[in-house]
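Asker: This is the structure, below, for whatever I ask next.
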Amino acid sequence: MSKYQTYITRGIDEHIPSSIINIIWSLVLKREEEAEKYNETPDYLSIFHIRKTDKDNIICIKHLQEQPPYSNTYKFISNEVFTRQKVYVIREDTVDLKYFVMLLPDEY
């Protein structure tokens, strides 16, 4: 995420595997690029629901935003073990920079 600054909270660091963190950052960047392409301003809050599917090593990540309405589901192969199923990413815009903070719902 080159033109963006990204931060994670202690809860994310302790409960979410780094491979899942990297996937979420890539999905955030993808959404930002999509919104820019269509001249939209994405919601400041992204919600990610993460779950293991019944099939071995498949993780399903659902990305949601309220305004404008956005929902997309992605599937990945991963052997990671994690206990948290929901992650928030908050975007803050300044004059010349965007930064994002990834946190758990109870850290909001």
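The values are calculated or read from the model by the stated rules, or taken from the named source; none is laboratory data. The shown structure was predicted, so the numbers you read here are calculated from the model rather than taken from an experiment. Every residue, glycine among them, receives a Cβ derived from its backbone with ideal geometry; neighbour counts consider all protein chains shown.
Asker: Is it fair to say S19 is polar (S, T, N, Q), closer than 23 Å to E107 by Cβ and touching a residue at least 40 places away in the same chain (Cβ under 8 Å)?
Answerer: So S19 fits the description; yes.
Asker: Against the definition (within 18 Å of L97 (Cα to Cα) and over 15 Å from the mean Cα position of the chain (by Cα)), how does E14 come out, yes or no? Break it down into steps so the answer makes sense when it comes.
Answerer: Details: within 18 Å of L97 (Cα to Cα): no; over 15 Å from the mean Cα position of the chain (by Cα): yes.
For E14, the condition - within 18 Å of L97 (Cα to Cα) and over 15 Å from the mean Cα position of the chain (by Cα) - is not met.
Asker: Quick one: in region 89-108, which of the residues that are of a type in the set (F, W, Y) and under 14 Å from the mean Cα position of the chain (by Cα) is modelled with the lowest pLDDT? Even if it seems obvious, please write down each step before you answer.
Answerer: Just the residues of region 89-108 that are of a type in the set (F, W, Y), to begin with: 99-100, 108.
Filter again for under 14 Å from the mean Cα position of the chain (by Cα), leaving 99-100.
Working: Y99: 94, F100: 97.
Among residues in region 89-108 that are of a type in the set (F, W, Y) and under 14 Å from the mean Cα position of the chain (by Cα), the one modelled with the lowest pLDDT is Y99.
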